[in-house]
Amino acid sequence: MTEAEPGKSPDNPWPVRAVSTRVAKYIDKLGTVWVEGQIAQLNLRPTVAFIMLRDPAADMSLSVMCPRDLVENAPVKLTEGVQVIMHGKLQFHPGRGTLALRVNEIRAVGLGELLERIERLRKLLEAEGLFDPRLKRPLPFLPNTVGLITGRASAAERDVVSVAQNRWPAVRFAIRNTAVQGPNTVPQVVEALRELDAHPHVDVIVIARGGGDIDALLPFYDETLCREIAKCTTPVVSAIGHEPDNPICDLVADLRAATPTDAAKRIVPDAAAEQATIRDLCRRGGRALRNWVHREQHHLDQLRNRPVLASPLAALTARSEEIQRARAAARRDINRLVAAEADRVGHLSARLATLGPAATLARGYAVVQTLPDASSTGRVLRTTADAPKGARLRIRVADGAVTAVSDGPEGTSK
């Protein structure tokens, strides 16, 4: 049976010194590197300086060692929060099992280069749509609880709380004190944002900080913080610095306030102003209602003063008189027509009486008819032939009729 390769089985393990030595040799092969970060801690010893270099965009850090005079002769004063670029070689200390960067050169990140990086980040976030006004969430009119992220016992905290309470005394705050400058700002603010965003009673979140130069406000240009603000479901108000200051988180937030005091005015209404508005609306509403009643009363008065309503029977009376006149006129016309027709009938009756057989008989004339018998019916004599000898005749005169017997036509008896 062959013996296992060292370090590959529990029967033939490597000792700690072997592992540490191999790690040290492997890291030594990396050579020198340039590293950028923020100074999180600075500890000066008589001859050596120990620095904790932190990545502002991630929760990662690296131990740095360098000669003390390198720190003292740096191009800028090195303090916590300063952004630097260091050149050095990574070293692994087998005795302690630690990794450190031994630095031989320190450079400060120039303002021009820093502004250029900020501008690139601004353009990147704008291209991704994080500044789109359509994504901005509206602030509630009266938030249940206001989440406030600010420095401990800072002027920004006093301004926001005092101004908001003066405007609306019942306002409630959920305050989270964090670092607002230096390498710990971004992780602490991000953690506070996540906590307040998950809080069920927080309706709006305010990030507040006083003014300062770009180095002091640098954490609020951080990409990680900006993206965390964009991910929040609760409206976020950015009140960083004063009016001229405009960090990138102002553009990502749902509302930018010029100052912490301005933020307090934006998040809660002014109770006195609202009461004054209500009183004014009540006055305006009462005035409008009274004017409406007066207009309607005037309209009713006008309607009542109209003739049709002032004297509703006048129209009927006028029509009644018109009807009486029409009836009288119709009666006169009918009487006139009846009289005219009566006269006409009288004239016709007179003419008829004059032309009738009774009048003729009254003047001495007679109507001679044959008496009807079994063979013929009675008829008026028109010729002598109609009354042969022996024919019985009926002679009608004005006052009656007589019967006679015909002797035949004259001149035939001989």
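Structure values in brief
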read-out: First in the range 329-353 and within 30 Å of residue 363 (Cα to Cα), second anywhere and part of a helix (DSSP H, G or I), Cβ under 9 Å, 6 or more apart; value: 353/359
read-out: Enumeration of residues in the range 52-75 that are among the hydrophobic types (A, V, I, L, M, F, W, C) and assigned to a loop (DSSP other than H, G, I, E, B); value: 57, 58, 74
read-out: Some residue of the range 10-23 being touching a strand residue (DSSP E or B) at 6+ places or on another chain (Cβ under 7 Å), without any contact (Cβ under 8 Å) to a residue 60 or more places away in the chain and of a type in the set (D, E, K, R); value: no
read-out: In the range 219-269, the residues that are among the polar types (S, T, N, Q) and under 20 Å from residue 186 (Cβ atoms); value: 224, 234, 238, 246
read-out: Residue in the range 96-118 that is under 25 Å from residue 231 (Cβ atoms) and touching a residue at least 12 places away in the same chain (Cβ under 8 Å) present; value: yes
read-out: Test for residue 53: is it within 22 Å of residue 28 (Cα to Cα), at pLDDT below 90, open to solvent by less than 20 Å² (accessible area, probe 1.4 Å) and within 60 Å of the chain's Cα centre (by Cα); value: yes
read-out: Helices (runs of 4 or more DSSP H) completely within the range 218-326 that count 3 or more residues being free of Cβ contacts under 8 Å to residues at least 12 places away in the same chain; value: 271-305, 307-310
read-out: Qualifying positions in the range 156-172 - hydrophobic (A, V, I, L, M, F, W, C), modelled with pLDDT of 90 or more and either surrounded by fewer than 16 Cβ atoms within 10 Å (Cβ to Cβ) or over 32 Å from the mean Cα position of the chain (by Cα) (or both); value: 156, 161
read-out: Residue in the range 200-217 that is most open to solvent (accessible area, probe 1.4 Å), counting only those that are part of a strand (DSSP E or B) and under 18 Å from residue 184 (Cβ atoms); value: 209
read-out: From 153, 192, residue being assigned to a loop (DSSP other than H, G, I, E, B) and either surrounded by 19 or more Cβ atoms within 10 Å (Cβ to Cβ) or of a type in the set (A, V, I, L, M) (or both); value: 153
read-out: Residue in the range 94-103 that is part of a strand (DSSP E or B), at pLDDT 90 or above and open to solvent by 60 Å² or more (accessible area, probe 1.4 Å) present; value: yes
read-out: Out of 122, 68, sole residue that is free of Cβ contacts under 8 Å to residues at least 60 places away in the same chain and open to solvent by 40 Å² or more (accessible area, probe 1.4 Å); value: 68
read-out: In the range 182-228, the residues that are within 21 Å of residue 145 (Cα to Cα) and touching a Leu at 6+ places or on another chain (Cβ under 7 Å); value: 189, 190, 202, 204, 205, 206, 208, 228
read-out: Odd one out for residue 78, checked against (1) assigned to a loop (DSSP other than H, G, I, E, B); (2) in contact (Cβ under 8 Å) with a residue 40 or more places away in the chain; (3) open to solvent by less than 40 Å² (accessible area, probe 1.4 Å); value: (2)
read-out: Test: residue in the range 310-319 that is of a type in the set (D, E, K, R) and either farther than 30 Å from residue 299 by Cα or modelled with pLDDT under 75 (or both); value: no
read-out: Every residue from the range 141-150 that is open to solvent by less than 40 Å² (accessible area, probe 1.4 Å) and in a loop (DSSP other than H, G, I, E, B); value: 143
read-out: Checklist (1) modelled with pLDDT under 85; (2) surrounded by fewer than 15 Cβ atoms within 10 Å (Cβ to Cβ); (3) in a strand (DSSP E or B); (4) not aliphatic (A, V, I, L, M) applied to residue 38, failing item; value: (2)
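Let's see how each residue does on (1) open to solvent by less than 20 Å² (accessible area, probe 1.4 Å); (2) under 31 Å from the mean Cα position of the chain (by Cα):
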{"site": "232", "(1), (2)": "yes, yes"}
{"site": "236", "(1), (2)": "yes, yes"}
{"site": "251", "(1), (2)": "no, yes"}
{"site": "268", "(1), (2)": "yes, yes"}
{"site": "314", "(1), (2)": "no, no"}
{"site": "320", "(1), (2)": "no, no"}
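The values are calculated or read from the model by the stated rules, or taken from the named source; none is laboratory data. Just so it is clear, the structure is predicted and the values come from calculations on it, not from any experiment. Virtual Cβ from ideal backbone geometry, glycine too; neighbours counted across all protein chains shown. Accessible surface areas use protein heavy atoms only, side chains included; no ligands, DNA or RNA. Shrake-Rupley method; radii C 1.70, N 1.55, O 1.52, S 1.80 Å.
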